[in-house]
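These notes are about the structure you will find just below.
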Amino acid sequence: MSGGRRQHAVAVVAVVAVVVLGACGRRGNPVPPETRFPQAVNDLTAVAREGGIELTWTVPRRRFDNSRILEPGVARLFRVDDAGTGDPRPALLHGDRIRGYTQIATFRLQEPPSPYLRGGRITYIDRSGLVFGRRYTYVVLTTDAQGRTGPPSARVSVTYIAPPEAPGALRGEPTDRGVRLSWQAPATLVDGSPVRDPLTYEVLRAPDPVAAPTVIGRTNPGVTSFEDRGLENDRTYYYAVRAVRSADKMTAAGAASERIAVTPVKTTAPAPVAGLVAVPSRGEVRLSWQPSREPDVATYILYRAAGSAPPARVGAVRPPATTFVDRNLRPGTYRYTVTAQDASARANESRPSNEVIVTVP
């Protein structure tokens with residue numbers, strides 16, 4: 001090659017190199033590809049329930065470099081089962097799968113998302129070929145829309161033991177800002193064998209008939225009652241109860257009982273009205289009293305009695321009024337009292353105020 005041609009070739013190579021480097025648009029060291037993987041799930045849980053094993057976890061929203069995953073892909077659930085002796089099978093990533101595990105479910109994270117995904121968490125019940133007494137181990141993988149799969153979650157194992165039948169005869173007694181619940185303990189497990197150990201119970205509550213109930217409390221073993229406090233009076237709540245069995249360091253929750261509706265009600269009457277005063281005149285009596293300090297008084301009720309007759313209601317006024325005129329009276333002697341009635345559904349009424357006796361001319 002002549003000197004001129006050699007110089008031309010070197011110049012072309014230099015131009016190509018400049019173009020390639022310029023096309024990168026970035027300076028500095030490249031980002032290690034492994035930092036772009038989704039973070040691993042760190043809160044996978046598994047609980048044996050009636051009819052299956054319930055698995056719940058939070059979907060990762062960030063990568064290993066802590067950047068947000070703007071285009072989520074899918075989550076996949078893997079399972080392996082064994083007799084329960086020794087350690088469960090290791091969760092080793094092989095390509096985009098877990099070696100020796102079976103993929104049992106896939107959950108779409110993009111729009112439209114899987115119906116099992118709510119509020120960034122997936123809740124799924126595995127009902128596929130479960131056998132009482134077998135140990136089931138689960139692992140979750142997350143893959144973004146670019147096909148990058150993060151590391152496996154920590155394994156979670158549960159031995160599938162027979163749960164109890166649903167509790168029976170759930171009853172609810174309304175109280176002031178509360179509900180007292182009681183129920184009958186189930187006598188058998190779902191496999192027909194008898195319950196041999198005391199059960200605990202999860203109490204579930206929902207704000208309306210169609211909403212999913214949430215656990216609000218758990219009893220001690222053998223306790224078949226529960227009191228829910230701090231509720232809103234005159235509002236209806238919906239309750240169910242499920243039994244939880246513990247055996248060999250394993251737990252299994254049974255099916256929930258039928259729901260019942262209970263409405264807390266105020267049962268405490270307002271304090272009595274004080275300071276009732278009566279001023280008679282021809283054909284009428286003017287009554288006045290001190291206002292009640294109770295915040296929920298809805299009505300003041302006036303009572304009148306003549307001679308030995310029992311008191312009869314003659315009128316009512318609403319706060320802030322604290323006066324009443326009883327008109328069209330015949331001459332004679334009358335006795336008056338006033339009560340306070342609250343605004344609750346039961347309309348609790350206080351004891352009578354001090355009694356005043358007047359003579360109408």
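Read-outs: derived from the displayed coordinates by stated rules, not from any lab. Everything quoted here is computed from the prediction, not taken from an experiment. In this analysis, Cβ positions are derived from the backbone assuming ideal geometry, glycine residues included, and neighbour counts consider all displayed protein chains.
Please pull out the direction-averaged projected area of region 51-131, using the convex hull of its alpha-carbon atoms, in nm² to one decimal place. Before the final figure, lay out each step's value.
On the way: hull surface 27.8 nm².
Over every viewing direction, the Cα hull of region 51-131 projects on average to 6.9 nm².
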Seminar exercise, completed: dims of region 277-360, Cα set, principal axes, largest to smallest, nearest Å -> 38, 24, 19
For this session: Tabulate in residue order the Karplus-calculated ³J(HN,Hα) for region 211-223, using 6.51 cos²θ - 1.76 cosθ + 1.60 with θ = phi - 60°, rounded to whole Hz; enter x for Gly and Pro.
Result: 6, 5, x, 10, 6, 10, x, 9, 8, 6, x, x, 7
For this session: First obtain the Kirkwood hydrodynamic radius of the chain from its Cα pairs, then insert it into the Stokes-Einstein equation at 37 °C and 0.692 mPa s, and state the resulting D in µm² per second as a whole number.
Result: 119 µm²/s
Seminar exercise, completed: For the chain, averaging the sequence separation of alpha carbon pairs under 8 Å that lie six or more residues apart and dividing by its residue count, the contact order in percent is 13 percent
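How big is the convex hull of the Cα atoms of region 203-361, per residue, in Å³? Each step should come with its number before you reach the end.
Numbers: hull volume 24.6 nm³, N = 159.
Dividing the Cα hull volume of region 203-361 by its residues yields 155 Å³.
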Exercise. When the Cα centres of region 138-166 and region 105-129 are compared, how far apart do they sit, in Å?
Worked result: 11 Å
Exercise. Amide H neighbours of residue 49 under 5 Å, counting only residues 5+ apart in sequence or on other chains, H built in-plane at 1.01 Å?
Worked result: 54, 253
Exercise. Which value in deg cm²/dmol, rounded to the nearest 500, describes the helix-derived mean residue ellipticity at 222 nm for the chain, given -39,500 (n - 2.57) per DSSP H run of n ≥ 4 and division by the residue count?
Worked result: -2000 deg cm²/dmol
Seminar exercise, completed: Listed by chain and number, the residues whose amide H is under 5 Å from that of residue 98, excluding neighbours fewer than 5 places away on the same chain and using placed H, are none
Exercise. Can you list residues whose amide H is under 5 Å from residue 190's amide H, if they're 5+ apart or on another chain and H is modeled 1.01 Å from N?
Worked result: 165
Seminar exercise, completed: For region 196-204, in residue order, the Karplus 3J(HN,Hα) values (coefficients 6.51, -1.76, 1.60; θ = phi - 60°; whole Hz; Gly and Pro = x) are 10, 10, x, 9, 9, 9, 9, 9, 10
Exercise. Which order, highest average first, do 297-306, 128-137 follow once you tally other Cβ atoms within 10 Å for each residue and take the mean per peptide?
Worked result: 297-306, 128-137
Exercise. Which residue, 82, 234, 326, has the most motion in a Gaussian network model of the chain that connects Cα atoms within less than 10 Å?
Worked result: 326
